[in-house]
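Worksheet: the structure to be examined is printed underneath.
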Amino acid sequence: MQPIDISEIPNEIKKYMGTIHSIRFPKQGCTSDVAIIECEKAVFALKRTKEHLYNTWLNKEISVLHCLSSKTDLPIPIIKEFKCDKDQTWALIEYLEGATVREALSNEKNKETREEIIFVFGKALSRIHSTSCPAELKYKTPWIDEMLLKATYNFTHYEVDGSEAILNKIQTQKPKNFKQTLIHGDFTIDNVLLHNGKVSGMIDWSGGAYGDPRYDVALAIRPKPNVFENSDREIFFEGYGNKIINQEEYDYFANGLYEFF
């Protein structure tokens with residue numbers, strides 16, 4: 001069964017796209033339905049969320065992308081159209097050519113090429129963290145405090161991976177302060193696109209904010225099958241330009257805070 005039927009797409013978005021020539025559905029997580037649509041104007045990515053939490057995330061991503069596209073030179077997709085109501089949120093987004101870092105690594109057997117991919121992945125994160133953060137993405141209170149409030153709310157209202165014990169731990173054992181930067185908020189091997197060996201896009205910006213860059217680093221280097229299981233971290237930090245996180249801080253963000261999002 002296809003996750004999105006053409007008849008479901010809002011009329012405003014169908015009008016913008018014009019005649020649809022083809023539609024395909026890439027592998028996607030559980031938070032949204034995504035279609036790649038080739039039509040008379042161009043190729044677009046169409047994203048749809050249904051549940052309240054995921055609708056909130058997509059609405060946040062839309063506002064973050066609007067902000068970053070006008071105030072930075074980061075390789076991010078442009079929002080073309082969006083439609084939201086109480087039940088669903090739709091976003092028609094510029095399609096960026098490329099394979100995810102995960103896909104690139106899964107198909108690559110050459111050791112040097114794999115290391116270059118991971119190096120480029122680290123360098124991409126450094127580019128984000130060195131980009132000036134627009135004022136609109138800055139919280140009035142410290143980012144970590146905002147995240148802990150959201151973690152508590154999500155634990156109370158939604159099904160999350162984190163437990164009450166983990167929540168208590170991250171609330172009482174916050175890491176030492178660190179210089180805040182623009183952060184992606186979900187910088188994983190699934191959210192960076194590569195084309196011809198270069199970064200062609202950075203996607204899924206619902207967590208974009210002025211926050212703790214160690215959070216991005218922790219999510220970036222989480223072990224996955226065949227990735228970040230051995231020396232990959234060292235290569236990543238070479239690309240990033242610095243090792244800004246220790247094991248205790250990694251555990252706090254990757255195995256603690258992230259469990260509630």
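The length gained by stretching the chain between D5 and D85 to full extension, at 0.36 nm per residue less their Cα-Cα distance, is 27.0 nm.
For region 1-138, the relative contact order comes to 19 percent (Cα pairs under 8 Å, sequence separation of at least 6). Which of N255, I189, C133 sits closest to the plus end of the dipole of the chain, meaning its Cα is farthest towards the positive end, when Lys and Arg get +1 and Asp and Glu get -1 on the C-beta? Most positive-ward Cα: C133. Averaging 1/r across all pairs of distinct Cα atoms in region 6-94 and inverting the result yields a Kirkwood radius of 13.5 Å. Each peptide in 178-190, 207-219 receives the mean, over its residues, of other Cβ atoms within 10 Å, and ordering these scores from highest gives 207-219, 178-190. In this structure, R24 and E108 have a Cβ-Cβ separation that, at R0 = 25 Å, corresponds to a calculated FRET efficiency of about 0.60. For the pair E116 and K179, the difference between a 0.36 nm per residue extended length and the Cα-Cα distance amounts to 19.9 nm. Each Lys and Arg Cβ is given +1 and each Asp and Glu Cβ -1; about its Cα centre, the chain then shows a dipole of about 440 debye.
The helix-only estimate of mean residue ellipticity at 222 nm for the chain, built from DSSP H runs of length n ≥ 4 each weighted as -39500 (n - 2.57), is -12000 deg cm²/dmol after division by the residue total. Under the simplified labelling scheme, the S70-E38 pair shows an inter-label distance of 3.4 nm, with each label point 7 Å from Cα along Cα→Cβ. Working note: Debye formula, equal point scatterers on the alpha-carbon atoms of region 166-261, no solvent; log10 I(q)/I(0) at q = 0.17, 0.23 Å⁻¹ is -0.81, -1.45.
Under a Cβ-only charge scheme (Lys and Arg +1, Asp and Glu -1), can you give me the dipole magnitude of region 52-131 about the Cα centre, in debye to the nearest 20?
The dipole of region 52-131 has a size of about 200 debye.
Residue-wise HN-Hα couplings along region 55-71, as the Karplus relation 6.51 cos²θ - 1.76 cosθ + 1.60 with θ = phi - 60° gives them from phi, are 4, 4, 5, 5, 4, 5, 4, 4, 5, 5, 5, 4, 5, 5, 5, 8, 10 Hz; Gly and Pro carry x.
In plain terms, the chain is cut at each of the GluC sites (Glu not before Pro) found in a DSSP loop with at most 15 other Cβ atoms within 10 Å, and the longest leftover piece is 160-228. Its Cα centre serving as origin, region 99-203 has a Cβ charge dipole (Lys and Arg +1, Asp and Glu -1) of approximately 440 debye. The E12 and N255 beta-carbon pair, evaluated with R₀ = 45 Å, returns a calculated FRET efficiency of approximately 0.60. Of the trypsin sites (Lys or Arg not before Pro) found in region 36-97, those in coil by DSSP whose Cβ has at most 10 other Cβ atoms within 10 Å are K86. The chymotrypsin sites (Phe, Trp or Tyr not before Pro) of region 67-152 meeting both criteria, a DSSP state outside H, G, I, E and B (loop) and at most 15 other C-beta atoms within 10 angstrom of the site's C-beta, are Y139. Annotation: amide H-H contacts under 5 Å for G201 (H modelled 1.01 Å from N, sequence separation of 5 or more, or interchain): L193.
Given a Förster distance of 35 Å, report the FRET efficiency between E97 and E159 from their Cβ-Cβ distance, rounded to the nearest 0.05. Could the numbers behind the result be given before it?
Details: r = 35 Å, r/R0 = 1.01.
Step by step, r from the Cβ atoms, then E = 0.50.
The distance between label points at N168 and K224 comes to 3.5 nm (points 7 Å beyond Cα on the Cα→Cβ vector).
With the cut-off at under 18 Å, measuring from each backbone N in region 67-88 to a point 7 Å along the Cα-to-Cβ line of T131 picks out 67-80.
Where a number appears in this text, it was derived from the coordinates with a stated rule and is not lab data. The structure presented is a predicted model; accordingly, all values stated were derived computationally and were not measured. Positions of Cβ are generated from backbone atoms using ideal geometry, with glycine treated the same way; all protein chains shown enter the neighbour counts.
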